[in-house]
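The values are calculated or read from the model by the stated rules, or taken from the named source; none is laboratory data. These numbers were taken from a predicted model, which means no experiment stands behind them. In this analysis, Cβ positions are derived from the backbone assuming ideal geometry, glycine residues included, and neighbour counts consider all displayed protein chains. Heads up: the accessible areas ignore ligands, DNA and RNA and are worked out on the full protein's heavy atoms, side chains in. Shrake-Rupley method; radii C 1.70, N 1.55, O 1.52, S 1.80 Å.
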Amino acid sequence: MKTIEGIHHVTAISGEPNQNLHFYKRVLGLRLVKVAVNYDDPSVHHLYFGDETGSPGTIMTTFPYANAVSGKRGSGQISAAAYAVPEGSLDFWVERFASEDVQFDMPVERFGEKALAFDDPDGLHQELIETPGMEAVSAWTKGGVAAEHAIRKFRGVSITVRDVGPTTALLTDYMGFQNAGQEGNRFRFLTPLGETIDLVHEPDLPAGRVAAGIVHHVAWRVKDDAAQLEWLEQLKRLGFNVSPVMNRQYFHSIYFREPGGALFEIATDGPGMLTDESVETLGSGLRLPEWMESMRERIESRLPALKY
Ligand code: ZN
């Protein structure tokens, strides 16, 4: 099988759009790399945050609903997304979160790394992990966070499941992730790119409900369409109910539910965020796919006004 290299993006359901935009752009200091719409419901934005060019592995995306209903945390969910920051930077982040009224827990040690858990304004669980080698990775600093502290990329995701066995089999036997040990009820796996996937075992936790403040899905990256088609066929053979290939403008996607209940996507690296904007102008205005361009006026009139 063609390799699943690691994380492509993580997508969450969010609340009020400007609060959402402010948090990821100004508090976390990520670059707003794309302003698009939910292709299934163009009255809602689709915001993409990431590094300077919106590289796969850095992209957090949100669907911010102005009148969002809060979701319910539970099993069968991606329960946290984690970002990699340079070693020694968590003191800075603790101070920043305290001064920005962000909900957070004091840093803890996990698998030998320092982890700082925090929530976005909608209660979405996320983490900053001090990760060796991040100083050498280029940083987006125009969001107001200096390079010595800035988020570089995703460090990993946690998935909460009632039964770790079936999801473990998918991750290791088929997706090729490495088993990297256990700490308490946390079972760790590594992607080929070295990201950490933690299965958090909560045998008695009821199923959650995806709405604001909850991750909708995690997308795994493959190099190209051929690799994706191979995965589509493989997943069908394994008995997964997998979607047809969908054109998401910046990548092509297929979706399926892992055995624990969380939604997985497999996305292609290309064509990428620079397909309709230059590096300089990324995220500077609403981008619509060709098939929606004729409806631009009507779509724009229904979207909430974003304060960039
Ligand atoms: Zn996605």
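One table, with the values for the structure above:
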{"quantity": "Inter-label distance for Asp105 and Lys2, nm, one decimal - labels placed 7 Å from Cα along Cα-to-Cβ", "calculated": "3.9"}
{"quantity": "Region 6-302, accessible surface, carbon-and-sulfur percent (1.4 angstrom probe)", "calculated": "49"}
{"quantity": "Net charge of neighbours whose Cβ lies under 14 Å from the Cβ of Glu87, counting Lys and Arg as +1 and Asp and Glu as -1", "calculated": "-3"}
{"quantity": "Max mean-square fluctuation residue, GNM over the chain, Cα-Cα springs under 10 Å, options Gly272, Gly181, Gly213", "calculated": "Gly181"}
{"quantity": "Sparse-neighbour loop sites [GluC sites (Glu not before Pro); region 216-308; at most 11 other C-beta within 10 Å; DSSP]", "calculated": "Glu280"}
{"quantity": "Antiparallel bridges, percent of DSSP beta bridges restricted to the chain (to nearest 5)", "calculated": "65"}
{"quantity": "About the Cα centre, charge dipole magnitude for the chain (Lys/Arg +1, Asp/Glu -1 at Cβ), debye", "calculated": "520"}
{"quantity": "Asp41-Ala226 FRET efficiency (beta carbon distance; Förster radius 22 Å; 0.05 resolution)", "calculated": "0.10"}
{"quantity": "Derived scalar couplings ³J(HN,Hα) [region 280-290; Karplus, 6.51 cos²θ - 1.76 cosθ + 1.60; whole Hz; x for Gly, Pro]", "calculated": "5, 9, 3, x, 8, x, 5, 9, 10, x, 3"}
{"quantity": "Pairs of lysine residues in region 6-302 - Cα separation under 26 Å, sequence separation of 8 or more or cross-chain", "calculated": "13"}
{"quantity": "Solvent-accessible area of Asp163 with every protein chain in place, 1.4 Å probe, in Å² to the nearest 10", "calculated": "90"}
{"quantity": "Selected from Gly133, Ser158, Phe118, residue furthest toward positive end of dipole (region 117-167; charges at beta carbon)", "calculated": "Gly133"}
{"quantity": "Cα→Cβ-extended label distance, 7 Å offset, between Leu303 and Glu280, nm", "calculated": "2.2"}
{"quantity": "Shape call, region 187-227: gyration tensor on alpha carbons, a/c limit 1.5", "calculated": "oblate"}
{"quantity": "Whole-angstrom gap from region 96-148 to region 1-39, using each part's C-alpha centre", "calculated": "16"}
{"quantity": "Euclidean distance of C-alpha centroids, region 71-90 and region 252-280, integer Å", "calculated": "19"}
{"quantity": "DSSP bridge orientation in region 1-105 - percent antiparallel, rounded to nearest 5", "calculated": "60"}
{"quantity": "Cβ-Cβ FRET estimate between Asn241 and Met295, R0 fixed at 30 Å, reported to 0.05", "calculated": "0.45"}
{"quantity": "Highest-MSF residue in the chain out of Arg152, Arg298, Arg96 [GNM, Cα springs under 10 Å]", "calculated": "Arg298"}
{"quantity": "Fluctuation leader among Thr281, Thr141, Thr62 - the chain, Gaussian network, Cα springs under 10 angstrom", "calculated": "Thr281"}
